[in-house]
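For reference, the structure is listed below as structure tokens.
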Amino acid sequence: MSFLDKLFGKKNTSVKGTTNASVLAVMPEQIYESATLELQDVIAPSALRVESKSINLGDKIARTFFIISYPRFLTDNWFSPIINLDKVFDVSIYVHPVDTSLALRQFQKKVAEVQSQISVRETKGMVRDPMLDTAFQDLESLRDNLMQAQEKMFDVGIYITVYADNEQELFKVENEIKSILESKLIYIKPALFQQEEGFKSVMPIGTDMLNIHQKLNSEPLSSVFPFISFDLTSDRGILYGINRHNSSLVIFDRFSLENYNSVTFAKSGSGKSYMTKLEILRSLMFDIDVMVIDPEREYEYLAEAVGGRYFNISLSSDHHINPFDLPIPREDETAEDVLRSNTINLVGLFRLMLGGLTPEEDSIVDRAITETYAMKDITPESDFANIEPPLLSDFEMVLSGMEGSDSIVQRLVKYTRGSWSTFLNKPSNVDIDKKFVVFSVRDMEDELKPIAMYIVTHYIWNAVRKNLKKRLLVVDEAWWMMKSEDTASFLYSIAKRGRKYYLGLATITQDAADFMKSPYGVPIITNSSIQILLKQSPSTMDILQQTFNLTDEEKYLLLESSVGEGIFFAGLKHVAIKVIASYTEDQIITSDPSQILSIKKAKQELEEDKTQALGN
């Protein structure tokens with residue numbers, strides 16, 4: 001006995017007291033007596049109830065609709081809003097060819113009827129009916145195409161079965177589908193007292209039991225083509241997640257686009273760092289060097305797991321970066337270019353450190369930087385491979401001897417001799433010659449965080465320019481850098497120039513409002529070929545909807561998404577995505593405090609067991 005026979009066959013039983021409905025059940029005893037258990041027995045519901053307008057399938061309610069009317073013209077992809085609707089439903093399309101000779105005979109009769117009606121109206125002196133004239137022209141045109149074998153006729157049945165947890169939800173889905181279709185002058189009706197036949201017709205067994213058809217010729221039929229949901233599965237790249245619409249894999253290579261940058265917006269706890277760490281882990285397998293600026297110390301365990309380097313940048317740290325370091329010029333640039341670029345970046349750094357500079361002070365600082373390098377015999381003609389760069393204290397000394405620099409020196413003292421001198425006024429001692437490098441600024445005072453992130457980013461940028469290699473720079477909580485115009489401007493320059501050095505910039509932030517307030521916020525987004533929006537808070541949703549041109553449906557999708565769910569934009573395409581990770585990946589990248597404690601506890605117990613085993 002087949003699955004459908006068990007659902008709707010003779011051995012089904014009814015329940016008394018049900019009005020206008022039949023209650024059907026698959027009895028476990030029948031399976032036991034037959035001594036066989038097939039796949040159908042496993043997936044079939046234990047019971048169902050067929051009513052006039054719906055079918056109850058255990059915890060779900062299903063309702064089947066059919067299309068009864070089409071407009072005169074069908075536009076391309078008119079069915080795409082339904083196919084891409086983020087609801088649970090099934091669609092079946094039945095296409096039955098009609099014999100052309102039979103269709104021509106029917107058309108001949110219909111043409112005669114319409115022509116007769118037109119003639120009668122003319123005889124009676126009645127006003128011309130445009131509808132009759134249009135129908136006559138359409139019939140004649142279609143008949144000519146059929147005669148020339150340019151078109152064929154088909155009986156087409158389109159059935160839609162929607163599923164919901166309750167009647168209220170089912171009513172909402174029904175109205176949403178109706179409104180979408182009726183806006184295109186396409187009308188549907190529920191299969192009254194035929195829900196059983198409708199449910200069977202929509203199931204993937206190819207049996208049209210409703211037999212409710214509309215005649216369509218080849219051209220409008222082609223517009224029904226259903227395979228239009230966006231797909232981001234390519235033959236190379238990394239797995240970002242699952243397409244929530246069609247369960248296909250979202251596999252993409254950021255280095256295949258016109259630029260390699262990405263932006264990620266998400267509220268706290270929505271999985272943005274989790275998704276980023278998953279991309280990092282998978283990128284490392286493709287021989288991509290990854291560098292991270294980590295404001296919350298979330299990447300330390302990942303660095304340890306993959307054998308990377310982890311640097312803690314703080315006032316009490318042993319790791320230091322000298323902002324006066326100079327990279328070795330590439331083949332396509334001169335020492336003068338490098339020195340000029342570094343001087344401009346240092347002026348921006350001092351503007352940030354000193355709380356702004358007047359035009360006069362800006363000029364003094366620029367001249368002082370040049371003289372500081374010259375004091376160490378560093379000029380546009382120098383060989384940067386064998387130099388010892390100056391320190392911040394050298395800059396202070398040069399500045400002190402310049403007229404009009406008193407205010408600048410007073411503000412600079414805290415970085416050279418004060419409580420903040422341990423951070424900046426020492427030679428660099430960090431080595432980033434690893435596949436994965438993390439710079440943590442969590443323990444840095446909030447007042448110094450933008451400065452620290454600027455210096456680290458500048459140091460990484462200089463390292464990137466040394467040799468051409470596929471790299472990814474991740475700036476987590478990028479809103480820290482967007483608070484200052486100088487740091488935001490520097491980040492934007494990396495976004496624009498990174499492609500030249502095979503560098504992808506990934507900016508991640510939970511504070512979309514602060515990011516957008518910066519004059520460089522939107523330009524960074526437009527210079528990013530990949531944009532990822534995960535779960536959002538209502539307070540930032542309007543500005544994101546305006547920036548990314550989101551539909552209302554996409555807006556509500558982001559508001560209602562779970563952790564690790566959102567929208568993935570890549571070039572001109574975008575899909576609803578769900579991030580997935582294997583068990584091993586999850587253990588490495590998780591940010592859940594309870595999971596981290598469990599992992600640490602298991603690790604500690606393992607160490608204790610090893611110690612005990614060695615003692616025995």
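The values are calculated or read from the model by the stated rules, or taken from the named source; none is laboratory data. These figures come from a predicted structure and were not determined experimentally. Counting neighbours? That spans all protein chains shown, and the Cβs are built from the backbone with ideal geometry, glycine included.
Tabulated data for the structure shown
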| quantity | calculated |
| --- | --- |
| Test result for THR547, within 19 Å of MET291 (Cβ to Cβ) and either crowded, with 23+ Cβ neighbours inside 10 Å or modelled with pLDDT under 90 (or both) | no |
| From ASP383, ASP362, residue being surrounded by fewer than 17 Cβ atoms within 10 Å (Cβ to Cβ), more than 30 Å from LYS469 (Cβ to Cβ) and of a type outside the set (Lys, Arg) | ASP362 |
| Looking only at segment 567-601, and only at residues there that are part of a helix (DSSP H, G or I) and at pLDDT 75 or above, the one that is farthest from GLU300 (Cα to Cα) | TYR583 |
| Verdict on LYS414 being under 26 Å from the mean Cα position of the chain (by Cα), surrounded by fewer than 22 Cβ atoms within 10 Å (Cβ to Cβ), free of Cβ contacts under 8 Å to residues at least 24 places away in the same chain and closer than 24 Å to LEU346 by Cβ | no |
| Checking LYS434 against (1) touching a Pro at 6+ places or on another chain (Cβ under 8 Å); (2) charged (D, E, K, R); (3) more than 23 Å from SER268 (Cβ to Cβ), the condition it does not meet | (1) |
| Where a residue in segment 243-269 is within 18 Å of ALA576 (Cα to Cα) and its partner, wherever it lies, is assigned to a helix (DSSP H, G or I) and modelled with pLDDT of 85 or more, with Cβ under 7 Å and at least six apart | SER262/ARG254; VAL263/ILE524; VAL263/ILE525; THR264/LYS272; THR264/THR276; PHE265/LEU544; ALA266/LYS272 |
| Only listed residue being over 19 Å from ASP486 (Cβ atoms) and assigned by TED's automatic domain parsing to the domain that holds TYR415, chosen from ILE344, ILE364, ILE378, ILE369 | ILE378 |
| Candidate set: segment 381-404, residues that are part of a helix (DSSP H, G or I) and hydroxyl-bearing (Ser, Thr, Tyr); chosen: the one nearest to MET482 (Cα to Cα) | SER393 |
| Top-ranked residue of segment 367-388 - restricted to ones that are modelled with pLDDT under 90 and acidic (Asp, Glu), ranked as farthest from SER428 (Cα to Cα) | GLU381 |
| Residue under evaluation SER562, criteria (1) surrounded by 12 or more Cβ atoms within 10 Å (Cβ to Cβ); (2) at pLDDT 85 or above, criterion not met | (1) |
| Strands (runs of 3 or more DSSP E) completely within segment 181-261 that count 1 or more residues being modelled with pLDDT of 90 or more | 187-190, 238-243 |
| Residues located in segment 81-98, provided they are outside any strand (DSSP E or B), among the aliphatic types (A, V, I, L, M) and in contact with a Lys or Arg (Cβ under 9 Å, 6 or more places away or on another chain) | VAL88 |
| LYS500, sole failed condition from (1) free of Cβ contacts under 8 Å to residues at least 60 places away in the same chain; (2) surrounded by 21 or more Cβ atoms within 10 Å (Cβ to Cβ) | (2) |
